[in-house]
Structures are given as C-alpha cells and as structure tokens.
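I have placed the structure first, in the form of structure tokens, so that the comments after it can refer back to it.
The values are calculated or read from the model by the stated rules, or taken from the named source; none is laboratory data. Just so we're clear, the structure is a prediction, and the values are computed from it rather than from any experiment. So basically every Cβ, Gly included, is an ideal-geometry build from the backbone, and we count neighbours across all protein chains shown. Quick note on the areas: whole protein, heavy atoms, side chains included, nothing else; ligands and nucleic acids left out. Shrake-Rupley method; radii C 1.70, N 1.55, O 1.52, S 1.80 Å.
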Amino acid sequence: MSITHSLSGAQTVRGPSLYTFSFWLLCLSNFLFSASFQMMIPELPAYLTKLGGREYVGLIIALFTLTAGVSRPFSGKITDTVGRVPVMAFGSIVCFVCGFLYPYLLTVWGFLTLRLIHGFSTGTKPTATAAYVADVVPANRRGEAMGTLGLFTAMGMSLGPAIGSWLADDYSMNVMFWTSSVFALLSIGILLRMPETLVNRQPFRFSLLRLKKDEIFDKQAIPPFTVQLLQAFSSGVVLTVIATVSMSLGIANKGLFFSVYTVASLAVRLLFSKASDRYGRVPVLLVSSTALAISMVLLTVTDPADPNAYLWFWSAAIVYGMSWGMNSPTIQAWTADLSDEATRGRAMATMYIALEAGIGLGAVASGWLLNHFAGEAGIDASFILSGVLAIVAVLYLSWKWRQRQPPETHRMNDADEMALVDGEP
C-alpha cells in the first residue's frame, strides 16, 4: 500500500496496484487464447458442409460447449487445489493440439470428435483465469479488472474471426487451423512466466477428479448462473446462424459481424469498466439484458429484401456487443463477490457452466429450427426465442433488485476497505 495526499491535505490510502506485470501477462495470454479458438468459428459451418455434414452444423458449437460445461466442475476443483496456472496452461495446450489436428481429420465424425475434445480448452482456462484475477485485485475493483481483462479477450475474439476468414479465403483452411494452433502455443509460453496465486497447493492426483455432490455446483453462484444461462442462449444462436445471415446479405467476410460487435464491446469496457463497481452488479446487468433483447429484435427484422437491412444488421452487431461488454466483466465480478475464497474456482466454474449450457442450447435449438423451417423462418424463430429469454433475464434481475439483499454488495475485508480511494466505492 502507499499513502498519497489530496489537494485538501488529507491522506488517502491506496491499495496495491491493479495493473501488475502478471496481470498484463494474463491479458496477453487471454488475447492469444481467445483469438485461437474464435478465428475458425465463421468458417466451420461451410467446412462441415463440404465434408458432408450439413445436418450437423448445430453440433459445431453444441459439442464444443458440451465438454466445456462437463469439465467445469473438475476445472473448478483442480483450480482450488492444484493451482490456477496449471489449469490455464492445460486449456491452452488443448487449443494447440486441436488446431494442429483439424487438417488431418477429414471425416464428419472425426471433425465432430475433435470439436468435442476442443471444448476442454474453454472449460478449463477461463475458470482458472477468473479465479486468478479475483486473487490479485481488491474486491472494490473487480469489475474494473474483469473489464480490462475482457478488453484483451474481446480483442482476440474480434480480430480472430476476421483473421480466420482472411486466411481461409486467401490461403486455405489448413493455414487457418495451423495459425490457430500457433496462437494457442504462444499463450502457453506467456503463462510460464506467471507466479501461482493459490497458497495451499496440492500435487495433482487422479483422486482429485472424483467429485462429491457439493463439489459440482456452488449454490452461492445461483444468481449469476441464472442470468448467464438466459443471456448465453443468444450466443449459441449467433455463433450458429450469423454466417448464414451474412451470406444472405452479400457480406463476403463472415467474420465481420463478430468483429463489429466485439469492437462495440471493447468501447463499452473502455468507457464503463468501473460501472458495476460504482453502481452495483444487478443494475448493470439489467441494462445489458435489455440491450441484448433489443439486438435480437434488430436481427429479427433484418430482411435481405429490406433496403434498411444493412442498418438493422450492423446496429444489431453494435447493440449486441454493448450488451456483452457490460455483461461479461460484471457477471464475473458478481460471482467473485458471492464466493468464498476457498471455493472461488468452484463458483467461477458454476457460472461458466451456465455460459456453456446456454451457448450449447442456443446452438442446438437454432440448428434444429434451421433444419425444420424453410427460408428465413428458422433464423427469425431463433432470434425471437433469444430475445424472449433476454426479457426473462430482465424480469429476474428486476426481482433481485427489488430484494436489495446484501449479496448484491461486495464482500470486503479490512484490507479492501483500506484500499478505498476518495469517492470510489
């Protein structure tokens, strides 16, 4: 801690610096990791179709999120026992191996099996990353920290699809897959320089993979779990059908929607990273859920025959990005607020289970709707269903806000309270 003097002469006690070298390494690793798995997303539906698996397009995301969700309780436990850094490294290694193998598995079932394995990457690294950040930043700055980390994650998710489509169009799908693998390898190298934050570490043993009932789900994380599940459904829908919408509008680069919405997300994180620290988690999530519902309405009214189709499409991308720019760091900070330090990894895993389940359900539902409804009907139905669930999230959060219960506030110890700066919560 350091003591500074304000203009009035009063002493102000400041906590440890938020932006340490380890924090920046984590941000860079997250950028490379998110770009690695995200760069291939826009091209995979067409790739699977060429392999003869058009009817399985909905499984591209669903299988990925299935193993991600299943691995969450295990990653949460290992994060709380073995350490944060080993779990982050494992996730990056899975990305590296899978990216390298895609060009060699040229059957539909080989591809789908690899997607299933690839999901272990996002089932492990984000859980440990969120726990690591919660370890190293003061409670009253968690929203800001998650927002800054999210900036780099969002940049990777923004640049990744555009880079992937460019590599696939100008070179080949194989070059895109191998580039994805290289990005993952670089994210592993960065992690090797990071100090471990878990104090009471245990050596890994296979018995740790045996889960007790109370180690699968953290009840303290039920509120963020519920909101994340309702909001994440739209991500599964967008990841599955937005490439089709782009092509119907004559947009050659199928990754541009992802780039636009991620740039909007970056802008929100830059301008409002401290919003949930100042005004509370629930109010910010109320705004993000409302914006999400609006974006789904805009996508529903996007009709290739409408002269305003581009306006609705790009407006939807911007509003959608604004929604997730508010949601992601806030819901991570809210989960950390509600969790106990000893089981923080489990709480983060619980919240991420909702993310994977929501994305998976959205992907499966939209894939089914596309195969059972002709023309634009299946796409419109997918967006309408996503919008309805976003409205349900608004209603749930409104109920939580009316309760005004203590869990909405930060759990701060004496050190956190001493770290408060003039006028900041």
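Can you classify segment 14-86 as rounded, prolate or oblate using the Cα gyration tensor, where a ≥ b ≥ c are the square roots of its eigenvalues, rounded means a/c under 1.5, and otherwise it's prolate if a/b beats b/c and oblate if not?
Values: a/c = 4.24, a/b = 1.90, b/c = 2.23.
Oblate.
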Listed residues 75, 248, 165, most fluctuating in the chain (Gaussian network, C-alpha, under 10 Å): 248
Mean accessible surface per residue for the chain, computed with a 1.4 Å probe while every protein chain stays in place, in Å²: 41
Over the chain: helical MRE at 222 nm, DSSP H runs n ≥ 4 each giving -39500 (n - 2.57), nearest 500: -24500 deg cm²/dmol
Protein accessible area in the chain, 1.4 Å probe - carbon and sulfur %: 68
Surface/4 estimate of mean projected area, convex hull on alpha-carbon atoms of segment 222-360, nm²: 8.3
Ranked order, 400, 125 - accessible area, probe 1.4 Å, largest first: 400, 125
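Considering all alpha-carbon pairs of segment 140-179, what whole percent are spaced by more than 10 angstrom?
When every Cα pair of segment 140-179 is considered, 71 percent fall beyond 10 Å.
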Probe 1.4 Å - accessible area at residue 108, Å² to nearest ten: 20
Given 274/400; 125/212; 125/400, the pairs whose alpha carbons are separated by over 26 Å: 125/400
Longest segment of the chain lacking chymotrypsin sites (Phe, Trp or Tyr not before Pro) that sit in a DSSP loop with at most 15 other Cβ atoms within 10 Å: 205-372
Column: log10 I(q)/I(0), Debye, Cα scatterers of segment 282-372, q = 0.15, 0.21 Å⁻¹: -0.74, -1.09
Integer Hz, Karplus 6.51/-1.76/1.60 couplings in order for segment 43-53, x for Gly and Pro: 8, 5, x, 5, 5, 5, 4, 5, 6, x, x
For the chain, built as a Gaussian network whose Cα springs stay under 10 Å, the top-fluctuating residue of 210, 346, 281: 210
Tilt relative to the chain, helix 344-372 - C-alpha long axis, 0 to 90 degrees, to 10: 20
Convex hull volume per residue for the chain, taking Cα atoms only, in Å³: 146
Estimated vicinal HN-Hα couplings, Hz - segment 101-111 in sequence order (Karplus 6.51, -1.76, 1.60; Gly, Pro = x): 8, 3, x, 9, 10, 9, 10, 4, 6, x, 4
Where only alpha carbons of segment 148-278 are counted, the Rg and the Dmax (Å): 19.5, 56
Amide H partners (placed H, <5 Å) of residue 218, local residues excluded: 350
In order through segment 143-149: 3J(HN,Hα) via Karplus (6.51 cos²θ - 1.76 cosθ + 1.60), integer Hz, x for Gly, Pro: x, 5, 5, 5, x, 5, 4
